[in-house]
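Have a look at the structure below before the remarks.
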Amino acid sequence: MKEYIYSLLEQGNALQIEVMFRHIGMSVILGFVIYISYCISHAGTIYSKKFNTSLVVLTVLTATVMTVIGNNIALSLGMVGALSIVRFRTAIKDSRDTVYIFWTIIVGICCGVGDYTVAAIGSVAVFIVLLILGRIKNDNRILIIIKGERSTERRIEGLIFEYFDRKALLRVKNTNSSTIELIYEVSRSIYDKSFKKQKSITELLYEIENIEYANIVAQNDEIAS
C-alpha cells in the first residue's frame, strides 16, 4: 500500500519535447480561434484588444500548467494551493467576456492533457454559437431630463405621455419649493419613431413657459473601456 501511495506522489515520466510542443502549439492555434471569435462578436461595441490578447495568453498558460501537472497528484495539489491565493479584481464589462474566459480555460485544459479532438470540436461549436448570437446588442435607452418651474409639472407630464403614446416611464421626480426636475425613460425604438413627427420633443417642451432645460441622454448597459 505504501509503495502504491509513493508511486502516485512520484514525478511521472519525463515530458517529451515533442509532446510539450504539440500541447502548447495546439493551444496557440485554438487561442487564435478564440481571438477571431472575440473580434467578430464584439465588433463596434466595447472591443478591448488587450483583453482579447489576454485570452490567447490565458489559453497557452492553462495548457502549459496542465502539461506540467499531467497525472502527478503532488504537483496538482501544489498547483491548486498556489493558484488559490490569486485574487482577480478586474471588473467584467460584458457578460460575454465571462464566457470567453471559461472557453480559454477549458481549451487550455483539453490541450494540456492531449485531448485535441474535444478542444477542436468544442471550439467550433462555441464559435458558431457566438457567431450567430454573440453580436446581439441590448436596446439602448433614452433618458429625457427636464427642469422647469413647479407650475409646469402637469403640462410636462401631459406632453410626454401624449408624445410617446404613454410609453415613456417616469423614473425620477425631484422637486423643491420653486422648481421641478423630471427624468423619463424611453426605449430607443420608440424614440426613433418620434422623428416622423413634425416637431421634436425638445421643441414642444420649450414651447412651455419657464422650462430651464431639456436634455436627451442615450444610456447603454455596456460600460465603455
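The values are calculated or read from the model by the stated rules, or taken from the named source; none is laboratory data. Keep in mind that this is a model prediction, so the values were computed, not measured. Because the Cβ atoms are built from the backbone with ideal geometry, glycine has one as well, and the counts that use them run over all protein chains shown.
Below, the figures for the structure above:
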| item | result |
| --- | --- |
| Residue within the range 52-69 that is part of a loop (DSSP other than H, G, I, E, B) and either loosely packed, with under 12 Cβ neighbours inside 10 Å or at pLDDT 85 or above (or both) present | no |
| Complete set of residues in the range 151-190 that are among the acidic types (Asp, Glu) and over 12 Å from ILE211 (Cβ atoms) | GLU157, GLU162, ASP165, GLU185 |
| Residue list for the range 194-210, filter: among the hydrophobic types (A, V, I, L, M, F, W, C) and surrounded by 11 or more Cβ atoms within 10 Å (Cβ to Cβ) | ILE201, LEU204, LEU205, ILE208 |
| ILE180 at pLDDT 90 or above, of a type in the set (Val, Ile, Thr), crowded, with 17+ Cβ neighbours inside 10 Å and touching an Asp or Glu at 6+ places or on another chain (Cβ under 9 Å) | yes |
